[in-house]
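As structure tokens, the structure follows; a few thoughts come after it.
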Amino acid sequence: MKRLLIVLMVLALAVSVSVHPVEAADPPVGIRYAPPTVTLTTGKPSYAPGEAVDWRYTLYNGGDHPLELTFTSAQIYDLILRQNGKVVARWSAGKMFADVMSTRTIMMGETMELTGSWKVTADLAPGSYELEFVLTSTTTEPTGAKVDLTIGTATPEGISARFTTDKLIYRVGTRLTVKYTITNLSDRPLVLDFPTAQQFDWTITDITGNIIYHWSKGRAFAQVITHLTIPVGASDGFESSWDIPRDLAPSGFYIHFTVLADALGALKTQRAAVLMGSTPPPL
């Protein structure tokens, strides 16, 4: 009899838990919905006039419902290049697209990725530009993205540059080291001229473009012309480090490294992406 009474009490408790009312407005615990997240990146930050710009676009659906994309023609995207707010080139200019409607569904938690290359006109003046990606869908959700890039002078033949970091993933409180290497495979010495004693600069920005670290900030440089000569078949370059603050919030970051010599043309600025996590090492 006592055992039967215990079984009945357990069943009663189970029923009371299963029918506990839950308000419909309560969101699932631990889930945070957000509008679509879009990114636009290029293979490198600088290109020579007439060089093909390789790009990558991603759209992540972090919402609570599928994202329906409807396209009224065979064109699903466009690229726009601007300088100082003025449109100087458009990818779709002169192209014809069939009047065929199509749809694409991005489910919750899914990412759509588009990649391609665009050979912009060769008569662009060297300078800073803005590349905008436009998704030609009828959706009202924000799906466009922009990225800054530089059009530089042509790179001398036989010159290559390589930019590396000593790691791809760092712990806060450790040291990050970057290295920019120039190799001269031409048939003559490469002479780089610098307007001051400063020969390079570099920054670290977060994914929203905020500067986290600027190497030259607070430094003074002699106002004298300096030179760097790289013999035929040789390599030379620059190496620099930064001690990552222990309280830096973990995230992804971009590193831009610029050698302040115009002779490098489109190679003068290089870019890399790294992750900086949490859990600093013991003091």
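The values are calculated or read from the model by the stated rules, or taken from the named source; none is laboratory data. Since the model is a prediction, treat every value here as computed from it, not as a measurement. Quick reminder, even Gly has a Cβ in these numbers, built from the backbone with ideal geometry, and neighbours come from all protein chains shown.
Annotations
Here is a yes/no grid of residues against (1) farther than 28 Å from MET276 by Cα; (2) among the aliphatic types (A, V, I, L, M):
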position: ASP187; (1), (2): yes, no
position: VAL191; (1), (2): yes, yes
position: PRO195; (1), (2): yes, no
position: THR205; (1), (2): no, no
position: THR208; (1), (2): no, no
position: ILE211; (1), (2): no, yes
position: PHE221; (1), (2): yes, no
position: HIS227; (1), (2): yes, no
position: SER235; (1), (2): yes, no
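- Screening SER73, SER92 for residues that are within 30 Å of THR153 (Cβ to Cβ) and surrounded by 12 or more Cβ atoms within 10 Å (Cβ to Cβ) leaves exactly one candidate, SER92.
- Among the residues of the stretch 168-189, the ones that are modelled with pLDDT under 95, surrounded by 14 or more Cβ atoms within 10 Å (Cβ to Cβ) and closer than 29 Å to GLY233 by Cα come to 1 in all.
- Pairs linking a residue in the stretch 83-106 that is more than 21 Å from TRP118 (Cβ to Cβ) to a residue that is among the aliphatic types (A, V, I, L, M) and part of a loop (DSSP other than H, G, I, E, B), with Cβ atoms under 6 Å and 6 or more positions apart or on different chains, are VAL100/ALA74.
- Residue satisfying all of: in the stretch 129-154; buried (at least 19 other Cβ atoms within 10 Å of the Cβ) and of a type in the set (Ser, Thr, Tyr); nearest to THR205 (Cα to Cα) among these: TYR129
- Which numbered condition THR164 misses (of (1) assigned by TED's automatic domain parsing to the domain that holds LEU264; (2) modelled with pLDDT under 90; (3) not hydrophobic (A, V, I, L, M, F, W, C)): (2)
- Taking (1) of a type in the set (S, T, N, Q); (2) more than 30 Å from VAL120 (Cα to Cα); (3) not in a strand (DSSP E or B) in turn, THR155 satisfies each apart from (2).
- Being loosely packed, with under 13 Cβ neighbours inside 10 Å and over 17 Å from TYR254 (Cβ atoms) is a description that does not apply to ARG162.
- Inside the stretch 225-283, residues that are in a loop (DSSP other than H, G, I, E, B), over 19 Å from TRP202 (Cβ atoms) and not basic (Lys, Arg) make up a count of 14.
- Among the candidates THR279, THR183, THR203, residue that is among the polar types (S, T, N, Q) and touching a residue at least 60 places away in the same chain (Cβ under 8 Å): THR279
- Among the residues making up the stretch 252-272, those that are of a type in the set (Gly, Ala, Ser) and either surrounded by 14 or more Cβ atoms within 10 Å (Cβ to Cβ) or without any contact (Cβ under 8 Å) to a residue 24 or more places away in the chain (or both) are ALA261, ALA263, GLY265, ALA266, ALA272.
- Residue in the stretch 137-146 that is over 22 Å from the mean Cα position of the chain (by Cα), assigned by TED's automatic domain parsing to the domain that holds LEU283, touching a residue at least 12 places away in the same chain (Cβ under 8 Å) and more than 16 Å from GLY43 (Cα to Cα) present: no
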